Amino acid sequence: MSRVTANGIQIEHETFGNPSGRPLLLIIGLGGQMIHWDDDLCKDLAKRGHYVIRFDNRDVGLSTKFDEAGVPNLVETFEKIMQGEKIKPPYTLDDMADDAVGLLDALGIRKAHICGMSMGGMIAQAIAIRHLSRVLSLISIYSTTGNPEVPQPKPEVIGLLITPPPAEREAFIEHMLGLFKTIAGPGFAVDEKWTRKIMAESYDRCFYPQGMARQLVAILTHGNRGPALASVKVPTLVVHGTSDPLVPVEGGKDTAKAVPGAQLMLIEGMGHDLPHGGAWPRIVEAIAAHTLKAKL
């Protein structure tokens, strides 16, 4: 792992595979650290001809934190948004998209396949909108356009998201395990041993829940990307589970509808699962086939 200066901040990142391979930028979701892209998954993608880049988004992991922005009151923020009030976020998803492109600059990569899951998919969409010349292809996994007309997360899921996690290590691990059990779909069992392991590693690497709160405000205030996605004319793969309680499947369908010629891959029974086990071998195969075809 190493750190570079990009877009005026420090970004921690790691690469897998041969630099001459197909560059594949992996963007993690809300509050996630780059290690949530499972090591074996990254190695599998590298074996399939990719030069894999994973990184910590701003405000999480070992990348730059934004302490000076303060910790937003998420309940109050939700209420103001529901009332139609304008909220000024500490930073935007556009800023996070520029971070990712800055990382590509620092690594000397002119164009890459951009793959994001959940919030990472939103950032990937913003990259395609703002920096289309840098995008070989787009892969959006259980994400959405920000269209307010599509179904929103279930109330119990929102409640879990805005509840600060416990500061004590074991309590944090159990809290996060409960969260991922709640958002997993019925078609694929949660690997409790692996989930506890990755959450323990995340806690030890950097326990920083206030960054997740600011990232969530960036999501809530970004608006509808759907109209702008109409100009994204690169090969696009949209992957979504039919049983996702956090980002309902209609969000994936709306994404595929917004991007001209996008391929929609629906996985029966999949929820909002971490990239390990479950349906992920199928997703890896789909990503590899997509990037190989997009290169031609």
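The values are calculated or read from the model by the stated rules, or taken from the named source; none is laboratory data. Source: prediction; values computed, not measured. Note that each Cβ is placed from the backbone with ideal geometry, even for glycine, and that neighbours are counted across all protein chains shown.
Some values worked out for this structure:
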quantity	calculated
Residue count for the range 20-55, restricted to those that are in contact (Cβ under 8 Å) with a residue 40 or more places away in the chain and assigned to a loop (DSSP other than H, G, I, E, B)	10
Residues (surrounded by fewer than 24 Cβ atoms within 10 Å (Cβ to Cβ) and of a type in the set (Gly, Ala, Ser)) located in the range 127-159	Ser133, Ser137, Gly146, Gly159
Every residue from the range 68-124 that is farther than 30 Å from Leu136 by Cβ, crowded, with 16+ Cβ neighbours inside 10 Å and β-branched (Val, Ile, Thr)	Thr77
Spans of helices (runs of 4 or more DSSP H) in the range 173-235 with at least 2 residues more than 30 Å from Arg130 (Cα to Cα) and over 16 Å from the mean Cα position of the chain (by Cα)	192-205
Conditions (1) in a loop (DSSP other than H, G, I, E, B); (2) at pLDDT 95 or above; (3) out of contact with any Asp or Glu (no Cβ under 8 Å at 6 or more places or on another chain): number failed by Met122	(1)
Within the range 160-185, considering residues that are under 19 Å from Val217 (Cβ atoms) and touching a Phe, Trp or Tyr at 6+ places or on another chain (Cβ under 9 Å), the one surrounded by the most Cβ atoms within 10 Å (Cβ to Cβ)	Pro165
Among the candidates Met82, Met119, residue that is aliphatic (A, V, I, L, M) and either within 19 Å of Tyr51 (Cα to Cα) or within 17 Å of the chain's Cα centre (by Cα) (or both)	Met119
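Quick grid of which residues meet (1) part of a helix (DSSP H, G or I); (2) without any contact (Cβ under 8 Å) to a residue 12 or more places away in the chain:
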site: Gly61; (1), (2): no, no
site: Lys65; (1), (2): no, no
site: Glu68; (1), (2): yes, yes
site: Val75; (1), (2): yes, no
site: Phe78; (1), (2): yes, no
site: Gly84; (1), (2): no, yes
site: Pro89; (1), (2): no, no
site: Asp94; (1), (2): yes, no
site: Asp98; (1), (2): yes, no
